[in-house]
Amino acid sequence: MVLVIISDIHGNLEALEAALSLIDEAKPDQIICLGDIVGYGANPNECVDLVRSKSQVVLLGNHDAAAIGLTSVEYFNTHARRAAHWTAEVLTGENTAYLRALPMDYRGEGFYAVHASPHEPSVWHYVINQGVADEAFHAFNDPVCFLGHSHVPVLFREGGERGEHLDEGDHVLEGNGRFIVNVGSVGQPRDNDPRLSFGLYETEGRKLSIRRHE
Ligand code: ZN
């Protein structure tokens, strides 16, 4: 089975359309969106419509939750807070209801998926170092957990020393170990590479491919 994992679109329609044109070519069995469809960018409704029509699984992100009043914006920076208020105003009733019904996590065959961290998911921890990753490993039993939130493509191994940046291209999740994978962000990459990022995952052989595009 070939999965496509996308995350952190943040209302950036141009980036989402560019990603989807590449994704169409890959003909995946399932598209999984890890959340943060809205927040920051100018096209929240268009992005919700498109993600909804293309993805088989969509999870709730903290910016989605903020835009529909499900989580506090107290810890957001000024820019993110303003964006959340603006997004709340422009979201259609239908899209607000759609976001409200999104689940926090998803379990597929051989993998688990969540927006921020499997550990206290509604606290929205950032899995950005091995210490936080170790806490997250305690909170799921699956071989692989896909997550977003930090916008940085990175791989953590259970019992590892530190996260490894996931460069564009192919990676094999070798051995019997367990892994946490962040495939990066479609709409707002934060790893000093402005190109959009998403992941393709072949469950047989545990082959992961990080795709980047202008
Ligand atoms: Zn995000």
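Taking the chain as a Gaussian network, where each spring joins two C-alpha atoms under 10 Å apart, which residue of Ala67, Ala116, Ala88 fluctuates the most? Of Ala67, Ala116, Ala88, the Gaussian network model singles out Ala88 as fluctuating most. Could you give the accessible area per residue of the chain, probe 1.4 Å, as a whole number in Å²? Value returned for the chain: 45 Å² of accessible area per residue. For the chain, with all protein chains in place and a probe radius of 1.4 Å, 47% of the accessible heavy-atom surface sits on carbon or sulfur. Here is the list for region 1-103: chymotrypsin sites (Phe, Trp or Tyr not before Pro) lying in DSSP coil, each with at most 12 other C-beta atoms within 10 angstrom of its C-beta, are Tyr75.
Between Gln56 and Ala88, what is the FRET efficiency for a Förster distance of 22 Å, r being their Cβ-Cβ separation, to the nearest 0.05? Result of the calculation: an efficiency of 0.25. For the chain, how big is the tail of P(r) above 32 Å, as a whole percent of Cα pairs? Distances greater than 32 Å cover 10 percent of the Cα pairs. Dividing the helix sum by the residues of the chain, where each DSSP H run of 4 or more adds -39500 (n - 2.57), gives a mean residue ellipticity at 222 nm of -8000 deg cm²/dmol. Can you tell me which of Pro153, Pro44, Pro103 moves the most in a GNM of the chain? Springs connect C-alpha atoms under 10 Å apart. Of Pro153, Pro44, Pro103, the Gaussian network model singles out Pro103 as fluctuating most.
The values are calculated or read from the model by the stated rules, or taken from the named source; none is laboratory data. Note that the coordinates shown come from a computational prediction; the quantities given were computed from them, not determined experimentally. All Cβ positions, glycine included, derive from the backbone under ideal geometry; neighbour counts span all protein chains shown. Heavy atoms of the whole protein, side chains included, go into the accessibility calculation; ligands, DNA and RNA do not. Shrake-Rupley method; radii C 1.70, N 1.55, O 1.52, S 1.80 Å.
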